[in-house]
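Worksheet: the structure to be examined is printed underneath.
Only the coordinates and a few stated rules stand behind these numbers; no lab work does. Owing to the predicted nature of the structure, the values given are computational and were not obtained by experimental measurement. Note that we place each Cβ from the backbone using ideal geometry, even for glycine, and neighbour counts take in every protein chain shown.
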């Protein structure tokens, strides 16, 4: 409906031209009054010129509008007052479209500034390059141009904001080589040395197709400080536990040694007291030696001998082994056989040891509990198989969930505190993991393969 006026105007002009031609032909056919042919002839010329001007004006203004869009110019304006009457509504629509485009541009630019500001103030390095730049060439062309690099990337790599990727290649060759070796999206660790300073970078490469261009989005951060801090924390926790265990043994030994020294100095030493003290010292020494042996178990982890094994066979073996223990405590073991025929590459002896450790913990957690149950199930989640051992026992306090895997830490009286630590090390040796969850009256130990 908006452009009916233009169509009507053109139709009327064409009709008038046709009518003028008809009048001219009639005058010509009559054969008299030839001088009157001048009138329709001039009238036709005037109509043609008017139509051409109108169409040229329309063509010119549309070209202006399209050129302004191409040039991203949102200042163009079509004055409806000066426009031909038939074009006023069209000009208003073009101005409305220009304003909408302007609003869109402003919104897009604001979002770009926001995202750019976020990236520039991020602690994570961000570099965006074209796929062609990965050939590590030194050609200064558009394919080698850095599409984006933020402040964190410059700080981590200790380089200025270069324009070309080959500058990064020259400055940090190990980093550039690692990126070039990533053929598809993925994560990797890269060790680099910059001015005698060693850094360990966690690098995440993502490939994205933007506007027909294959772009590599490189995200990275220096995790060396974080790793060192975690190592320090782990050593502090371990030293604290070692100190506690050793002092628990050395304190009574020291006290008893002083008591023996005092007894020996007496005129008539009581040999029975001496024998009792020596026996106690011997027991504490044996306990300390057992503690050291347990520590050696954690350190000297055997290398797994991987073989294709049906996981259900491992579960059945452990269930039969643990059945006498759980039966004597009225604890039921339930096994979910959903993946009964699943075959995995693992060391059957080591995985059986892990299951024995987990089920033993569950037995102590559920003893004296009404309707005590231990469940064993295999699940598929996050593209991994999960072997889950759960129970409805006492649970693990949330504050202790991260500590139960620390060597010699135990929430059970008399517990050695090495079972879960050894089990996690075994899973890591299988390129898997072990984690604990405890909530709503259920504790789950989850083995990921």
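A few remarks follow.
- Of 43, 90, 14, the sequence from fewest to most neighbouring Cβ atoms within 10 angstrom is 14, 43, 90.
- Inter-label distance, nm, simple model (7 Å from Cα along the C-beta direction), residue 115/residue 353: 5.1
- Computed over every Cα-Cα pair of region 307-448 and binned at 10 Å starting from 0, the pair-distance distribution P(r) comes out as 12, 45, 36, 7 percent.
- Highest to lowest packing among 155-165, 105-115, 124-134, 202-212, scored as the average C-beta count within 10 Å: 124-134, 155-165, 202-212, 105-115
- On a per residue basis, the convex hull of the C-alpha atoms belonging to region 122-222 measures out at 88 Å³.
- Förster radius 41 Å - calculated FRET efficiency between residue 19 and residue 97 (Cβ-Cβ, nearest 0.05): 0.65
- Region 307-448: relative contact order in percent, alpha carbon pairs under 8 Å with at least 6 residues between: 22
- A full extension of the chain between residue 12 and residue 223 corresponds to an added length of 68.2 nm, given 0.36 nm per residue minus the alpha carbon distance.
- Modelled spin-label separation between residue 321 and residue 69, with each label point placed 7 Å from Cα along the Cα-to-Cβ direction: 7.4 nm.
- Distance from region 88-124 to region 144-213 (C-alpha centre basis), Å: 31
- In plain terms, the residue of 420, 311 with the fewest other Cβ atoms within 10 Å comes first and the most crowded comes last, giving 311, 420.
- The stretch between residue 398 and residue 380 holds 3.9 nm of extra length on full extension. This uses 0.36 nm per residue minus the Cα-Cα distance.
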